[in-house]
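What follows is a set of notes on a single structure, which appears directly below.
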Amino acid sequence: MKNFLDINKVSKSSLKSIIEDANAMKKGRAEFLNGAPDRQGFMENFIVGLLFEKPSTRTRVSFDVGIRQMGGKSMILSSHDLQLQNGESLSDTAKILSLYLDMLVIRTSDESKLLELASNATVPVINGLTNQSHPCQVMADIMTFEELKGDIKQKKVAWVGDANNVCTSYVQAAVQFDFTLIIGSPFQFAPDQDLLDWAKKLGASVKVVSDPNEAVENADLVVTDTHLSMHNSDLDVNSKLKILRSFQVNQELMNKAKQDAIFMHCLPAHRDVEVSGDVIDGPQSVILGEASNRLHVQKAIMKWCIRESG
Ligand code: CP
Ligand code: NVA
């Protein structure tokens, strides 16, 4: 069974072919209404469960719409409405849902839950975000970057702010897509040393600096995300926001990147917290392109899972 669990768990050639296929599928329906089916229904007779243990706007709607465009059916399952709520194990849930459904997408808390689901399911499983990573988002970001700027290989990407789950997927992507990643974050919210050591061992160009100005210098892409992720506890909220205040992406910071640099944010965003309103709503921002490409790249990911599962 082929799962899409993380960017470091899929081969470089598969990741590239997924993005190529996403571009082709996007082009193939350029003039279609969102509700119109694709010319080829790759998911005819497929029914997919979209299991959410956390809120979502983009992930749930883009997967749902993508499945329908490919001729499949989907079912959004909130963990509150399942017996998971009453303590049923994820392993039993995975075995049971595999009897009724042909694929599962899950957004959950700890990565161990994703792995428990995947190891007990007998259908492909896709990671729709965990506390540790968000691979579908970063695949959409790479697709968006390459549409606008060409091959991301050897380009300079600056991540500024909290080195969170999305940042981890960026580190994994730097290894797989061969771009330089400079992470500008305070030491309290820097990436895990194990992740950095892993990336270094594989020859990736990934560096952490504590000065956001140094991080964005000469960057082709500047990325940030919320300073408070869904899994951050109430306890550390105020001190975390305070520490990250000087890591806001504003126009002054953007001016230190390349003149034609673009700005990304996976959303949801908090204007004038992690990013100033003029940057996120300004000409360098490509946030709508990223959100739009979630749909196309996830369709290609699902198609890849189906094809590879034979
Ligand atoms: N970027 C992203 O995953 O958004 P949602 O939380 O709305 O799905
Ligand atoms: N880092 C954010 C991403 C949301 C899509 C979170 O985990 O809340």
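Descriptive notes on the structure:
- Across the stretch 161-173, coupling constants 3J(HN,Hα) worked out from phi with the 6.51/-1.76/1.60 Karplus curve, θ = phi - 60°, read x, 6, 7, 9, 4, 5, 4, 4, 5, 5, 4, 4, 5 Hz, and Gly and Pro carry x.
- Förster radius 45 Å - calculated FRET efficiency between residue 27 and residue 75 (Cβ-Cβ, nearest 0.05): 0.95
- The stretch 78-202, accessible surface, carbon-and-sulfur percent (1.4 angstrom probe): 47
- Charge context of residue 31, other residues only, Cβ under 14 angstrom, K/R +1, D/E -1: +3
- Long-range amide H partners of residue 208 with built H, under 5 Å: 183
- Sparsely packed loop sites in the stretch 1-106 (the chymotrypsin sites (Phe, Trp or Tyr not before Pro) outside DSSP H, G, I, E and B with at most 16 other Cβ atoms within 10 Å) comprise 32.
- Over all other residues within a Cβ to Cβ distance under 14 Å of residue 220, the charged ones net out to -1, with Lys and Arg as +1 and Asp and Glu as -1.
- Where trypsin sites (Lys or Arg not before Pro) in DSSP loops with at most 11 other Cβ within 10 Å are excluded, longest remaining stretch of the chain: 154-310
- For the chain, the longest site-free run once GluC sites (Glu not before Pro) in DSSP loop states with at most 11 other Cβ atoms within 10 Å are removed: 45-310
- Accessible surface, the chain, averaged per residue in Å² (probe 1.4 Å): 44
- Sequence-distant contacts, meaning Cα pairs under 8 Å at least 6 residues apart, place the relative contact order of the stretch 174-310 at 21 percent.
- The chain, helix-only ellipticity at 222 nm - DSSP H runs n ≥ 4, -39,500 (n - 2.57), divided by all residues, nearest 500: -12500 deg cm²/dmol
- For the stretch 8-14, 3J(HN,Hα) computed residue by residue from phi via the Karplus equation (6.51, -1.76, 1.60; θ = phi - 60°) reads 7, 9, 10, 5, 4, 5, 5 Hz, glycine and proline entered as x.
- Under 5 Å, built H, 5+ apart or other chain: amide partners of residue 285: 263
- 3J(HN,Hα) along the stretch 69-81, derived from phi through the Karplus expression 6.51 cos²θ - 1.76 cosθ + 1.60 where θ = phi - 60°, amounts to 4, 8, x, x, 10, 9, 9, 8, 10, 8, 4, 5, 8 Hz, with x in place of Gly and Pro.
- Using equal-weight Cα scatterers in the Debye expression, the normalised intensity of the chain in log10 at q = 0.09, 0.15 Å⁻¹ is -0.44, -1.21.
- Amide hydrogen neighbours beyond the local backbone of residue 46, cut-off 5 Å, H modeled: 73
The values are calculated or read from the model by the stated rules, or taken from the named source; none is laboratory data. Note that the structure is predicted; figures quoted are calculated from it, not measured. Neighbour counts run over all protein chains shown; Cβ positions are idealised from the backbone, glycine included. We work out accessible area using only protein heavy atoms, side chains counted, and drop any ligands, DNA or RNA first. Shrake-Rupley method; radii C 1.70, N 1.55, O 1.52, S 1.80 Å.
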